[in-house]
1. Name the residue that is farthest from ILE110 (Cα to Cα), counting only residues in the stretch 18-44 that are surrounded by fewer than 18 Cβ atoms within 10 Å (Cβ to Cβ) and touching a helix residue (DSSP H, G or I) at 6+ places or on another chain (Cβ under 8 Å).
2. For the stretch 114-137: of the residues being over 17 Å from PHE17 (Cα atoms) and modelled with pLDDT of 95 or more, which is surrounded by the fewest Cβ atoms within 10 Å (Cβ to Cβ)?
3. What pairs come out if I take residues in the stretch 12-26 that are farther than 13 Å from LEU156 by Cα and in contact (Cβ under 8 Å) with a residue 60 or more places away in the chain and pair them with residues that are assigned to a loop (DSSP other than H, G, I, E, B) and not acidic (Asp, Glu) whose C-beta lies under 8 Å away, six or more apart or interchain?
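The values are calculated or read from the model by the stated rules, or taken from the named source; none is laboratory data. Keep in mind that this is a model prediction, so the values were computed, not measured. All Cβ positions, even for glycine, are placed from backbone atoms using ideal geometry, and neighbour counts span all protein chains on display.
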Amino acid sequence: MGQDADLFKTILVPVDFSPCSDEAFRTACQMARLCRAKLFVLHVIDTSALAAFNRLGLLAVPSDAAPQRRRLRHHARLKVRQLLESKVAADVKMTRLIVEGAPFVEIAKIARTGNIDLVVMGSYGGRSGSVDKIFFGSTAEKVVRTAGCPVLTVPLAASAPPVKTR
């Protein structure tokens, strides 16, 4: 493959642990191996969802927000670690990133400031049927418009098996 092997040196793959995200992770690992690229695995803890829970009274008291954030961060670290240790990720140089904020904003910010050559992400995520998507567009669509680098959107394969974590 010669010169093409250096086409992408850094690849960002945002994950939300949905089946479509698993497919994007699998594709990103294959691309990273093919291009000998470093893979950044990013999970964004959606703080707008936590704020909505608080507004709706789904948190017992507003002071529950900080412990809930810690639980979400802990859960994200565990799930990302499972991806990094999976067979799919074998022989790929990876870095784990966990941030808080609006997913498309954080993804685009890291793509622009992190010297990312390619973003590989699922074409839709865990909340694909939400009213938010109907009115405001999907995270993938927003990232395509704002990332400043190529974005490969990966649909869920018709018979995609889940990423095996052990």
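1. Of everything passing the filter in the stretch 18-44, LEU34 is farthest from ILE110 (Cα to Cα).
2. So, considering only residues that are over 17 Å from PHE17 (Cα atoms) and modelled with pLDDT of 95 or more, the one surrounded by the fewest Cβ atoms within 10 Å (Cβ to Cβ) is ASP117.
3. Between residues of the stretch 12-26 that are farther than 13 Å from LEU156 by Cα and in contact (Cβ under 8 Å) with a residue 60 or more places away in the chain and residues that are assigned to a loop (DSSP other than H, G, I, E, B) and not acidic (Asp, Glu), the close pairs are LEU12/GLY114; LEU12/ILE116; ASP16/GLY125; ASP16/GLY126.
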